[in-house]
Amino acid sequence: MKDDLKKLYSEIIRKHNETPFHFEKKGNAKNTLRAYNPICGDRFEVYVDSDQQTVRGLYFHGFGCAISKASTSVLAKTLEGKPLNEALELCDQFLRFINQETSGKESILCDDFLAFTGVRDFPERYDCASLSWREMRKFLGSMEVNALNT
């Protein structure tokens, strides 16, 4: 395997792909997000239990490439139990990180994000890595708006 592909499929990505965190259907979840990429066929349902302040539970199920599955697993592991505003900031930071929009001064809030450094060298994989994060970001953004309006 070429060195650049080894970097892309780092040990953390392989681990999260082979044994993903909270990979199970949760039909009784309060919210179900659908992350779908019609170009490649990656499709995940992200099950979110939350209140107005905290992401209480986060599970997912579906199929996709190793990068999209691992990225969704990292999302579930990273955001579960976090206050909504912190979860939103983590989503924003992950999306900035893989899109190379972070400044050298910004500290990475989650070490697992670094496993996706290789995505930067393969722009066609950006959608794989960001798929579930974008959907979660939309959901959290709407929760924040709803909290402000109550």
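Table for the structure above
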{"quantity": "Long-range amide H partners of His22 with built H, under 5 Å", "calculated": "none"}
{"quantity": "Computed accessible area, Glu18, all protein chains, 1.4 angstrom probe, square angstrom", "calculated": "140"}
{"quantity": "Residue-level accessible surface for Leu114, protein heavy atoms, 1.4 Å, Å²", "calculated": "90"}
{"quantity": "Mean Cβ neighbour count within 10 Å, used as a protection proxy, ranking 86-92, 47-53 highest first", "calculated": "86-92, 47-53"}
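The values are calculated or read from the model by the stated rules, or taken from the named source; none is laboratory data. All values reported here derive from a predicted model rather than from experimental measurement. Here the Cβ is made from the backbone with ideal geometry for all residues, glycine too, and neighbour counts use every protein chain on show. For accessibility, only protein heavy atoms count, side chains too; no ligands or nucleic acids. Shrake-Rupley method; radii C 1.70, N 1.55, O 1.52, S 1.80 Å.
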